[in-house]
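First up is the structure itself, then whatever we jot down about it.
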Amino acid sequence: MSNFFPKLKVFCRNMTVVRCKILTNKMTGKNMLFSSSGFFKTLSTLQPPEKADAAVNLKDYRAAMGSVPSPVVIVTTAEYNKVTGSWYKRGATCGSFTSISSNPPIVSFSIQMPSRLHNLLLRTKKFAIQVLSEQQVHYSLHFSKHCEEDIDQFANIPHHIDSHGNVLLTDMVALLVCKAQAAHLVGDHYLWLGNVEMAWHCKNAEPLLYWRRTYRSLGDELFLKAFEELTLPYEYWDHEAHLRLAWNYIKEYGKEAATPLVKSGIQKFNEVNKDKVKRDYHETVTIFYIELICLAMNESKVAQLSFDDFLLSNKHLLDRNLLFEYYSPDMLSSQQARIRLAILRTP
């Protein structure tokens, strides 16, 4: 890593929908497209794009679908290991849950590949869908984060396993216990269908809805929404969360525009949580990691789909001691470094 930082270099949504009507020109008999902006043209001139240009713009598609409200659910399943006498449990946040049929009751959800949950579902052939409430954003954040194979996702999450081996969280808006019917690979996701065997709901709770989202992943979107609204639980405001914040802003706005957003965002969040913050905002630390993230993003040969993808290929960013390869403890603890970017020492 000693040669990593010296390589740093300075690198440098609104969809307007016009309401339209199809009118018939009484003189020509041709259909006309009339918009609220006053623009119109004959429909026969509105030809679809040719071949290569016919593919929908992914940014436009995601922006359009972002306007469709979806409930946020946690999908869980578990497998009992007779050798160890323990349960292997997995869960994932999902924003693509929907009802397919009411008679018989069939539901679906999709998860991005690759997925440990998908692999486990192939063996268990059952799952439970837990619909979150507005007060359970922290669950959505927890189950949207990357989790290593040997880590128990449910260690600090209130839950129980029923007599049929289903993992059930507590205090949900609704619960659906399902037997897997089929799984299909569709694009970059696995689509799962399930026959509903049991359903329960709470009459006095409002579901957590996911809408007006951008191209970000569900986990990134929920994290940023909670952060920007200053409702992110402080226990989730760790080093990885700082990296997630910076990566998302840089990806969306570019380094120059993202930097002041990152800085002001951290300061606002720290102010709201000043009774919990152990260290005040630090200018040098913030800029240091922004530069590292920019370098890693620019050197990446693969388009990152999510922050978790990015972090898996740049695990060095999680090393808290990386900072001390370039700054001495005395320098970092100085008041000057806290308010202004300090000059790097030679590694």
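The values are calculated or read from the model by the stated rules, or taken from the named source; none is laboratory data. The structure displayed is predicted, hence computed values, not measured ones. In this analysis, Cβ positions are derived from the backbone assuming ideal geometry, glycine residues included, and neighbour counts consider all displayed protein chains. Note: areas computed on protein heavy atoms with side chains; ligands, DNA, RNA excluded. Shrake-Rupley method; radii C 1.70, N 1.55, O 1.52, S 1.80 Å.
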The residue from Leu222, Leu168, Leu141 that alone is outside any loop (DSSP other than H, G, I, E, B) and more than 30 Å from Glu252 (Cβ to Cβ) is Leu168
Selection within the stretch 304-347 - assigned to a loop (DSSP other than H, G, I, E, B), open to solvent by 50 Å² or more (accessible area, probe 1.4 Å) and at pLDDT 80 or above: Ser313, Asp319, Arg320, Asn321
Leu245, sole failed condition from (1) part of a helix (DSSP H, G or I); (2) more than 16 Å from Ser144 (Cβ to Cβ): (2)
Against the condition under 19 Å from Trp192 (Cβ atoms), surrounded by 21 or more Cβ atoms within 10 Å (Cβ to Cβ) and among the aliphatic types (A, V, I, L, M), how does Leu120 come out, does it pass? no
Reported set for the stretch 288-300 where residues are closer than 14 Å to Leu322 by Cα, more than 21 Å from the chain's Cα centre (by Cα) and open to solvent by less than 30 Å² (accessible area, probe 1.4 Å) is Phe288, Leu292
Pairs needed: first member in the stretch 142-167, farther than 22 Å from Lys315 by Cβ; second member anywhere, at pLDDT below 90; C-beta distance under 6 Å; at least 6 residues apart or different chains. Pro158/Thr170
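Out of Leu176, Leu224, Leu208, which single residue is modelled with pLDDT of 90 or more and open to solvent by less than 70 Å² (accessible area, probe 1.4 Å)?
Just one listed residue meets the conditions, Leu176.
Residue-by-condition table, conditions (1) open to solvent by less than 10 Å² (accessible area, probe 1.4 Å); (2) assigned to a loop (DSSP other than H, G, I, E, B); (3) within 18 Å of Ser144 (Cβ to Cβ):
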residue: Ala241; (1), (2), (3): yes, no, yes
residue: Ser264; (1), (2), (3): no, no, no
residue: Lys276; (1), (2), (3): no, yes, no
residue: Arg279; (1), (2), (3): no, yes, no
residue: Val285; (1), (2), (3): no, no, no
Taking the stretch 139-173 and keeping only residues that are under 15 Å from Leu208 (Cα atoms) and surrounded by fewer than 17 Cβ atoms within 10 Å (Cβ to Cβ), one is left with Asp171
